[in-house]
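As structure tokens, the structure follows; a few thoughts come after it.
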Amino acid sequence: MILIIIAIVVIIACIFALIRMNEIDAHDEQSKKYREVNNAEAIRKYKELLDDGIITQEEFDKKKAELLNII
């Protein structure tokens with residue numbers, strides 16, 4: 001009887017762990033999408049600065065590479 005109770009507790013713990021892992025994965029995916037959108041917006045702003053002559057092409061390229069995680 002005790003073994004059955006222990007098995008049930010272990011199964012329930014595993015189910016909760018799987019649910020938590022799925023929640024973490026979903027959150028990570030949302031965070032990644034948020035960063036991608038923010039990085040795209042930042043690149044657009046740097047492009048405006050480049051077009052307005054406020055920064056150089058080299059500065060723009062460096063910042064773009066940083067935002068795209070190229071370097």
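The lysine pair count for the chain, using Cα distances under 13 Å and pairs eight or more places apart or on different chains, is 5.
When Rg and the Kirkwood radius Rh are both evaluated on Cα atoms of the chain, their ratio Rg/Rh stands at 1.49.
Give the angle, between 0 and 90 degrees and rounded to the nearest 10, that separates the Cα long axis of helix 57-67 from the longest principal axis of the Cα atoms of the chain. Helix 57-67 and the main axis of the chain meet at about 0 degrees. For the peptides 46-59, 15-28, the ranking by mean Cβ contacts within 10 Å, running from highest to lowest, is 46-59, 15-28. Here the simple spin-label model places points 7 Å from the Cα toward Cβ, and for ILE12 and ARG35 these points are separated by 3.7 nm.
Taken together, the values in this text are just the output of simple stated rules run on the coordinates, not laboratory data. Note that the structure is a prediction, hence the values are computed from the model and not measured. As a convention, Cβ positions derive from the backbone with ideal geometry for all residues, glycine included, and neighbour counts pool all protein chains shown.
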